[in-house]
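Participant: Quick one: the structure is below, and I'll ask about it shortly.
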């Protein structure tokens, strides 16, 4: 097998059981790709039902008279999720049609939709995504109580920031009460009320006269999380890794709030695009949903000492060479399906893949780094680089690269081989740099008087993020 060590690299972890945290990577998204990426990310995120296992990927193909949606999940797409997606798109179509018949120009969301329409649509979203929402909400345990008490103490009494923080806490208390009422009774009339409360909290935090004060307050109470507001507003971020690659310690109020608001943020984006004349066809055309079947790969995992990376402190999933079967991650499943559609059926999709969480290092490297690098070497009619949101910097196992061997007869070269070799080169280089930086960090801990090493470590991580 070509590039035989690729999967083995992606099955490494820290020797103490921790996940390897490489620097995050966020690509620059072209302006004309952003709305399509927003739609794909939102649909993928709103498909999630089980927060512990669901990871969805979505791509779109729009023709003059139809919309085709490719959707995949790491464990397969349940029929109820496909039905939920159909219901969401049907409701968006109704809203889009009604708004365009009434208004010719791009209207503000508040003018183009009624309160009832927004709350009803939000209720549809919440009914499916409620387990995920409740999972985020129930993190209000002892860490939450202690954190709130400490923040109140730090902010003091009578300060504008203290009053605003108390307002947010009161809103969260109300949301908690309504959510648990629905959890206990399953009465659907509660859901529009719950969505309305979420929407009102989102308005206060992101779109009100108090927003600058709230932003300043959140930066004050969560130092080191300055980039979280932007990142979390772009895509729900379920990691606790800071922009410099270090692990965040303690309870972050900013991340807690934005994880709760993720449903409202993505829902609002879909509604905003549905009432825009520029994107109305996405929602008003007839829809076909294709659920990508699971793809399994047989791969070989080599033990750590076979990799010759010089990376002490890392371990492999297995102590001896082993053949295993691995399901393709959702984003790679959709990626392979897009290539099949473009090469075999001559169907041209948007070259955008939305996902319900940031990509792992393996998937991101294949799609956003190796594939574009190969297209720079070879001009292939119909293929272009794919726009994605970014990587969380984690090596995630079990993992396998896609099988692109079908493509050779269409492109005239071994695309499968080149993708594997290029991906392996990128990941191997990142792991070698990681080992070097890890060694510097360990030396710094052993020699606290050598205070220049942490700075060198931070600079090295910053340099790696730019490669």
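All of the numbers you see were taken from the coordinates with simple rules; none came from a lab. Note that the structure is predicted; figures quoted are calculated from it, not measured. Virtual Cβ from ideal backbone geometry, glycine too; neighbours counted across all protein chains shown.
Participant: Among 207, 297, rank each residue by its count of other Cβ atoms within 10 Å, from fewest to most, as a rough exposure measure.
Facilitator: Working: 207 10, 297 17.
Fewest-to-most Cβ neighbours within 10 Å comes out as 207, 297.
Participant: Can you tell me the order of 362-372, 116-126, 178-188, 402-412 when each peptide is scored by its average per-residue count of other Cβ atoms within 10 angstrom, highest first? Kindly include the intermediate steps, with their values, before the conclusion.
Facilitator: On the way: 362-372: 23.7, 116-126: 19.5, 178-188: 14.0, 402-412: 15.9.
Ranked by mean Cβ neighbours within 10 Å, highest first: 362-372, 116-126, 402-412, 178-188.
Participant: Restricting to Cα atoms and excluding each atom paired with itself, what does the Kirkwood estimate give for the stretch 307-363 in Å? Walk me through the intermediate numbers first.
Facilitator: On the way: mean 1/r = 0.0678 Å⁻¹.
When all Cα pairs of the stretch 307-363 are included, the Kirkwood radius is 14.7 Å.
Participant: Moving on. So for 432, 47, 197, fewest C-beta neighbours within 10 Å to most, what's the order?
Facilitator: Arranged by neighbour count, lowest to highest, 432, 47, 197 become 432, 197, 47.
Participant: What ratio of Cα Rg to 2.2 N^0.38 Å holds for the stretch 18-158? Write down the numbers at each step before the final one.
Facilitator: Values: Rg = 19.7 Å, N = 141, 2.2 N^0.38 = 14.4 Å.
After normalising by residue count via 2.2 N^0.38 Å, the value is 1.36.
Participant: Oh, and also: How compact and how long is the stretch 307-422, expressed as Rg and Dmax of its alpha-carbon atoms in Å?
Facilitator: That works out to 15.3, 48 Å for Rg and Dmax.
Participant: Restricting attention to the alpha-carbon atoms of the stretch 120-230, what are Rg (one decimal) and Dmax (integer), both in Å?
Facilitator: According to the Cα coordinates of the stretch 120-230, Rg and Dmax are 15.2, 41 Å.
Participant: Would you mind ranking 16, 304 so that the residue whose beta carbon has the fewest other beta carbons within 10 Å leads the list?
Facilitator: Details: 16 7, 304 21.
Ascending number of Cβ neighbours within 10 Å: 16, 304.
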